[in-house]
Every structure is written in structure tokens, then in C-alpha cells.
1. For the stretch 8-75, what does the accessible surface come to per residue with a 1.4 Å probe? Please give it in Å².
2. What percent do you get for the relative contact order of the chain when only Cα pairs under 8 Å and 6+ apart count?
3. What are the DSSP H helices in the chain that stretch 15 Å or more along their long axis, judged by alpha-carbon atoms, and whose average Kyte-Doolittle hydropathy comes to at least 0.0?
4. Could you state, as a whole-number percent, how many of the C-alpha pairs of the stretch 168-237 are farther apart than 17 Å?
5. Given H placed on each backbone N at 1.01 Å, which residues far from VAL236 in sequence or on other chains put an amide H within less than 5 Å of it?
6. From zero outward in steps of 5 Å, how is the percent of C-alpha pairs of the stretch 135-211 spread across the bins?
7. If I take all pairs of Cα atoms in the stretch 36-136, what percentage of them are more than 16 Å from each other?
8. To one decimal place, what Kirkwood hydrodynamic radius in Å is obtained for the stretch 24-93 from all pairs of distinct Cα atoms?
Amino acid sequence: MAARETERIRFGPLVSPVTFRSPVDVGRMAAQVDALSGGRFVMGMGAGWNEAEHRAYGIAFPAVKERMDRLEEAIHVVRALWGEGPASFEGKHYPLENVNCQPKPARQGGPPILIGGAGEKRTLKLVARYAAEWNCVGLAPEAYGPKVAALERHCETEGRDPATIRRSMMMFAILGRTEQDLDAVAARMMRVLGAPAGATATEYREGAKARGMLVGGVDQIVDRLGKLGEMGLQEVELQHFDFDSDDVPEFLASDVADKVRGL
């Protein structure tokens, strides 16, 4: 739907855990959607982290080393599928033998690969080696800085300019113009994510703020995004859980967008 009904936006999974589907299926679907959209698809990939979700659906959840190994192999597989002609790859987890994926993506070499995660030893190493974009979740500036430094060290080892890697962050946030607006968003988040028994919306959002979540109005948003922007962050996806109304998107568009556009 996003490929067919839009003309300018870039889109894709944020992210597709390698544990959920074979990279052959993921790579083939990605090529088709990229072709359908005229080259606007972003292939978000990750090792998977939510053990409870895997357990609920009966999906195997290997140890972190195996999941990271699978992620690296999966990147090789999708890249091979997107290349010209038949593809072969001999991996421990995902072998390919003389496969010719059709259709090919709209762009030569395929969609940009986004890797999600913030592990300094392995994930950021894979970002430096393979990714066009790095996405992480909900880091305050004081936590984001060391991750950026780790990525830059891996880039130096890999012989890559870190400026060639786009940087984005998915951020849980409680946003609004007034205290009442903030409590309404907090109440919705409490219903979705759960909350301590007896907690009020005001108590929940104050606790979220203490844990480093973005909470507040225009000044708080601009301050947080400005600090992250100085560290190289280029895009933020704000997850507010207030899906029943357009209040938060309208607030962001009318009150915030112009103030952060140049950050």
C-alpha cells in the first residue's frame, strides 16, 4: 500500500528480525516492493531481541551469537539475490545455489540496508561493514554519544567514512502542548505497555522522564533533538501510541517541525 499510494516517502520495516523469516523470502519481497515503489524501499534488518514474542509464536530464539551470525549471513544472502544473474552463497545457516531472483530491485545493488541495534561489539561492527543506515531505540544524549564513538572506531577499522552512514532513532515519547495532553498520551501508553498498579498518568510520565524518555512540549523536544543532532542524528521516528487521534501528529507538524528542521 505504501509503495502504491505514495510518491516521495521512503519506507520499510524497522526492523525485520532475522529470526522471523528466511532471508531468501525477505530479499525477494524487498526486491518486489522496491521495484513497485520506484526505488524507495529501505531494508531494515536486525538480530531480534523480544524473547517473549518469539516464545508466544513458537519461533526459535537462539543465543545472541547465533542471531548475530544469522544476521550477517542474511545480509550476504539478500545482497546476492539483488545482484545480476544467478546467486550462490555457502553459509552455515542460509545456503543459496544458483538462484536468479526476479524481479530485481529498482536500484542497482538493491535497497539501502538499515541495521537496527546498539550493541557496541557486534551490531555496530556490522553497521560499519554493511549498512547504509544505523537505527537505534530511545537513547538519551549521554547514552548516544558512546555509541557514536564505538561506531566511528569500527568505521576506522573497516576503512569507512562514518559520514556515509545515515543515523536515525526510534524514540518512545510522551508529547503535547499542555499537562492534560501529556497525561492523555501517558494514559494511552500505560494501556499499551502496562504500568505499575495504581499509578496515575502523571506519575507514569514523570517516571518515564526520569528513565530518559522524551517527555514534554516544544522546548523539551527541541532541546533533546538539538543535542542529538549535534552528535550526528539525522532522523527521529517518534512512537507515542496515541493512535486514536491526530492530536500528537498535528502538534508536531504545527508547533515543532519548523523549529527542528535545521537541527
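The values are calculated or read from the model by the stated rules, or taken from the named source; none is laboratory data. None of these values were measured; they are calculated from a predicted model. The accessibility values were calculated without ligands, DNA or RNA, using every heavy atom of the protein model including side chains. Shrake-Rupley method; radii C 1.70, N 1.55, O 1.52, S 1.80 Å.
1. On the way: 3500 Å² over 68 residues.
Heavy-atom SASA per residue in the stretch 8-75 reads 52 Å².
2. Numbers: 410 pairs, mean separation 38.3, N = 263.
With pairs under 8 Å counted, the relative contact order is 15 percent.
3. Values: long enough: 23-37 (20 Å, 0.39); 64-82 (27 Å, -0.28); 141-158 (25 Å, -0.85); 179-193 (21 Å, 0.15); 218-230 (18 Å, -0.21).
What comes out of the filter, once short or polar helices are dropped, is 23-37, 179-193.
4. On the way: 1028 of 2415 pairs.
Roughly 43 percent, once rounded to a whole number.
5. It is MET169, by chain and number.
6. 3, 13, 19, 16, 13, 10, 9, 9, 6, 3, 0
7. Working: 3132 of 5050 pairs.
Distances greater than 16 Å cover 62 percent of the Cα pairs.
8. Values: mean 1/r = 0.0731 Å⁻¹.
Mean inverse Cα-Cα distance, inverted, gives 13.7 Å.
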